[in-house]
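A short write-up of the structure that comes next.
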Amino acid sequence: MANAKELAGRRARRTRLKIRRRVKDRPRLSVFRSGKHIYAQVIDDREGKTCAAASTVEKDLRSKLATGASKEAAAEIGKLIAERAIAAGVSTVVFDRGAYRFHGRIKALADAAREGGLSF
């Protein structure tokens, strides 16, 4: 019997495999959420480099947000990652939700990134 960590790993691999099959020329917007924070990064898999990154751990965001584990915090990260990605020359990405459902904080981040100018 697989434990929860193994099952989450399987879901994440399955999501990334679908992304790689369908879209090979676009960078991916990868999202990780923990109980206290949310992290996002735009990764160019062809070069193996991170183009832009944002998280609620950053000092300037900590003072602005009450907690890093809310939809409001996720929306702020979505706006910030869109701004940084566009500054790095990336305007079109593919969304990598990993093992998470497209719901709650993940959806809030994606919607804010779209409003910020990223298309996916």
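General observations
- Exclusive hit being in contact with a Cys (Cβ under 9 Å, 6 or more places away or on another chain) and free of Cβ contacts under 8 Å to residues at least 60 places away in the same chain, set G116, G89, G104: G89
- Across the range 36-69, the qualifying residues are those that are small (G, A, S) and at pLDDT 95 or above, and the one among them that is nearest to A8 (Cα to Cα) is A40.
- For the range 72-104, the set of residues classified as charged (D, E, K, R) and in contact with a strand residue (DSSP E or B) (Cβ under 7 Å, 6 or more places away or on another chain) consists of R84, D96, R97, listed by residue number.
- Scanning the range 79-94 for residues that are touching a Lys or Arg at 6+ places or on another chain (Cβ under 9 Å) and under 21 Å from R20 (Cα atoms) yields V90, T92, V93, V94.
- Within the range 16-37, the presence of a residue that is among the hydroxyl-bearing types (S, T, Y), in contact with a Lys or Arg (Cβ under 8 Å, 6 or more places away or on another chain) and under 19 Å from R114 (Cβ atoms) is excluded.
- Boolean, R11 is surrounded by fewer than 17 Cβ atoms within 10 Å (Cβ to Cβ) and touching a residue at least 12 places away in the same chain (Cβ under 8 Å): yes
- Enumerated helices (runs of 4 or more DSSP H) restricted to the range 16-120, each holding at least 1 residues that are touching a Gly at 6+ places or on another chain (Cβ under 6 Å) and surrounded by fewer than 17 Cβ atoms within 10 Å (Cβ to Cβ): 71-87
- Cβ pairs under 6 Å, 6+ apart, first in the range 36-56 and within 15 Å of R20 (Cβ to Cβ), second in a strand (DSSP E or B): I43/R28; I43/S30; I43/T50; D44/C51
- Verdict on A113 being modelled with pLDDT of 95 or more, closer than 27 Å to K5 by Cα and of a type outside the set (S, T, Y): no
The values are calculated or read from the model by the stated rules, or taken from the named source; none is laboratory data. Note that this is a predicted model, so its numbers are computed, not measured. Ideal geometry is used to build each Cβ from the backbone, glycine not excepted, and the neighbour counts take in all protein chains shown.
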